[in-house]
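Novice: Can you read through this structure? Questions will come right after.
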Amino acid sequence: MNFEPRTENTWLKQLVGEWEFTASAPGCGDMPPGRETVRSLGGFWIVAEGTGEMPGGGTATSLLTIGYDARLGGFTGSWVGSMMPYMFVYEGTLDPAANALTLDCEGPDFAEPSESASYREIMTVIDENTRTFVSYMEAEDGTWTEIMTARYRRV
């Protein structure tokens, strides 16, 4: 079979490269800076490997995959990190006007580990050298609370 990347796949190409990031979380303040390498997988997917120091010590590694699944008609992906035994599986939509990709998933409720919670992560491309990744968790009343913001700068 011979498939051609779609517009949605092409949007992901702007993420390819080397990035430095800083992150902060309400109640935790600024976290140590880190690095991320993003590569294309066949023009259909991106694979992003991040590394950085965790607050309190130790190195963390994460792996993010995102692509547009034409069969599903939407973005899909996953995230895993060396600091926890959970995989987050994403379904997402692109807002081309805002240059933002919204990724929704289920994961552990860190306040009550035996429960699950809904997460929403919004990746926004500001310009060719700057982007953000903001993570939210849904509260019981349906509101979204910001739990982490990462700011990326191309190296």
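Novice: I'm a student and want to see the number: the projected area of the Cα convex hull of the chain, averaged over all directions, in nm².
Specialist: Taking the Cα atoms of the chain, their convex hull projects to 10.0 nm² on average.
Novice: Let me ask something additional. Once amide H atoms are placed 1.01 Å from N in the peptide plane, what residues at a sequence separation of 5 or more from residue 61, or on another chain, have their amide H within under 5 Å of its amide H?
Specialist: 82, 83
Novice: Still on this structure: Out of region 23-87, which trypsin sites (Lys or Arg not before Pro) are coil in DSSP terms and have no more than 15 other C-beta atoms within 10 Å?
Specialist: 71
Novice: On to the next question. Just need the relative contact order of the chain here, percent rounded to a whole number, with Cα pairs under 8 Å and 6+ apart.
Specialist: In percent, rounded to a whole number, it is 17.
Novice: Add +1 for every Lys or Arg and -1 for every Asp or Glu among the other residues with Cβ under 14 Å from the Cβ of residue 91, and state the total.
Specialist: So the environment of residue 91 carries a net charge of -3.
Novice: Dipole of region 7-154, Cα-centred, from +1 at each Lys and Arg C-beta and -1 at each Asp and Glu C-beta, to the nearest 20 debye?
Specialist: Dipole magnitude for region 7-154 comes out near 700 debye.
Novice: May I pose another question? Each residue of region 23-35 in order: what ³J(HN,Hα) in whole Hz does its phi give by Karplus 6.51 cos²θ - 1.76 cosθ + 1.60, θ = phi - 60°, with x for Gly and Pro?
Specialist: 3J(HN,Hα) across region 23-35, in whole Hz: 9, 9, 9, x, x, 10, x, 6, 9, x, x, x, 10.
Novice: Sticking with this structure for a sec: Within region 104-155, which chymotrypsin sites (Phe, Trp or Tyr not before Pro) sit in a loop by DSSP and count at most 16 neighbouring Cβ atoms inside 10 Å?
Specialist: Passing sites in region 104-155 are 110.
None of the figures in this text is laboratory data; all of them are computed from the coordinates on show. Quick caveat: nothing in here was measured; it's all calculated off a predicted structure. When we count neighbours, we look across all protein chains shown, and the Cβ atoms used for this are built from the backbone with ideal geometry, even at glycine.
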